[in-house]
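The values are calculated or read from the model by the stated rules, or taken from the named source; none is laboratory data. Note that this is a predicted model, so its numbers are computed, not measured. All Cβ positions, glycine included, derive from the backbone under ideal geometry; neighbour counts span all protein chains shown.
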Amino acid sequence: MIPVLTRYLAAAIGARLADEGARVSIVLLAIEQTGSAGVGGLLVAALMVPHVAAAPLAGAAADRARRRKPLYLVAFVAYALALTGSALLIGRANGAAAVLLFAGGCLAPLLFGGLSSLLRELVPGDVGRAFGFDATTYSVAGIAGPALAALVAGFAGATWSLVTLGAFALLGALAFATLPLGARPAGVRAERTAKPLAAFAVFLGRPRLGAVTAATGISQFGIGALPLAAAAIATARHDPPLTGLIMAVTAVGGLIGSLLTTRIRLVHRHPERTLLLCTAAMAVPFLPPALFPLTWPLFAVAGLLMGPVTVALFSVRDRESPPEVRTQVFALGAGIKVTSGAAGAAVGGLLAGSGSALLLTVIASGQLLAALTGVLILRRARTRQPAVLPGR
């Protein structure tokens, strides 16, 4: 019998690899069919924007449902169909392709934060270690997804590249179907799960959750510009393929960092402190390459620190999420990160002409601002707590 965690990881990698690779395949297909990378960018936006816009609704649906497995399977299959269908439409009916990708993106929050929210139930005895392995799926997907997309596109064309990624999402669905996710007892669902925006109140009312969410959102805004900085370094050296190597080195660092957290218990004992310290420390590896571009291998250190940040974030969400809105909190939190990263990429595109030094300075500053914001939220919450009078 294959362990539950192994089956979960197979499902998560299938979905997340498809998502990471789709961003590359869509742009390649748009260029191939229309000659315009701009069209590809708009189609990628159609897929990514719903991550935060639809997260409260998708999370609320999962929190309300007694039988969640069919809902998650629909999300897997719909995402696969969105990728496969758009592969046939891009270049022929771009508007229809955008609608299809938008629909797939609306269910995507269940395949990111939504999946992570299930780990306490699926692996109740070792959830901290499970979160560490779950974090590795993002790094694996970040490395393998774009590489697979480019490889298949090179051999068979961008259309087949997108179809292949849809097939990976279906494989993830098959793995998810084997998970022991039973129906909830009838009394578990609370009345307020019917409110799709209930998660926002949780973020505002729980300072630890609010602090780590704000910090990771700001941090991810900076990290979203990292591919542009990598491209600027590669362009300055007249070596465009170097862009992929720089990003791969960063992702490998993230994979190692996530694996290490499966052994380091301190991350789970003080997750919010770990997250804020590691976020601040991430500024350091980005500063030397701003002055000396040849030191770009230091990006691996930034990736190494991203691993504990992700696991600590999962731990805080796990502890601070009320059971009746748990999936909403995980899905919305993940959606905020994805959307913030996309916004950072857009701003990075505007600054790309200024060179890598400015981009890396902005990225490093973003990490410091993120950590400071988290600290201020926690301190403000402590000062608002009423003092306990003697004898009471």
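Report yes if PHE292 is of a type in the set (Phe, Trp, Tyr), in the same structural domain as ARG263 (by TED's automatic domain parsing) and within 16 Å of VAL212 (Cα to Cα), otherwise no. When the stated conditions are applied, PHE292 does not pass them.
Each row is one residue, and each column tells you yes or no for (1) closer than 14 Å to VAL249 by Cα; (2) without any contact (Cβ under 8 Å) to a residue 12 or more places away in the chain; (3) surrounded by 24 or more Cβ atoms within 10 Å (Cβ to Cβ).
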{"position": "ARG269", "(1), (2), (3)": "no, yes, no"}
{"position": "LEU275", "(1), (2), (3)": "no, no, yes"}
{"position": "ALA290", "(1), (2), (3)": "no, no, no"}
{"position": "PRO297", "(1), (2), (3)": "yes, no, no"}
{"position": "THR310", "(1), (2), (3)": "no, no, yes"}
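Looking at region 46-97, the helices (runs of 4 or more DSSP H) lying wholly inside it that each contain 1 or more residues that are surrounded by fewer than 20 Cβ atoms within 10 Å (Cβ to Cβ) and among the β-branched types (Val, Ile, Thr) sit at 68-89. Inside region 10-20, residues that are in contact with a Ser or Thr (Cβ under 6 Å, 6 or more places away or on another chain) and either outside the structural domain of GLY132 (by TED's automatic domain parsing) or surrounded by fewer than 24 Cβ atoms within 10 Å (Cβ to Cβ) (or both) make up a count of 1.
Sort out which residues of region 246-262 are closer than 18 Å to LEU359 by Cα and out of contact with any Pro (no Cβ under 7 Å at 6 or more places or on another chain), and write them in order of number. Scanning region 246-262 gives ILE246, THR250.
Tell me yes or no: at least one residue of region 101-117 is assigned to a helix (DSSP H, G or I) and over 19 Å from the mean Cα position of the chain (by Cα). No, the conditions are met nowhere in region 101-117.
Can you find a residue that is touching a Leu at 6+ places or on another chain (Cβ under 9 Å) and buried (at least 20 other Cβ atoms within 10 Å of the Cβ) anywhere in region 121-129?
No, region 121-129 has no match at all.
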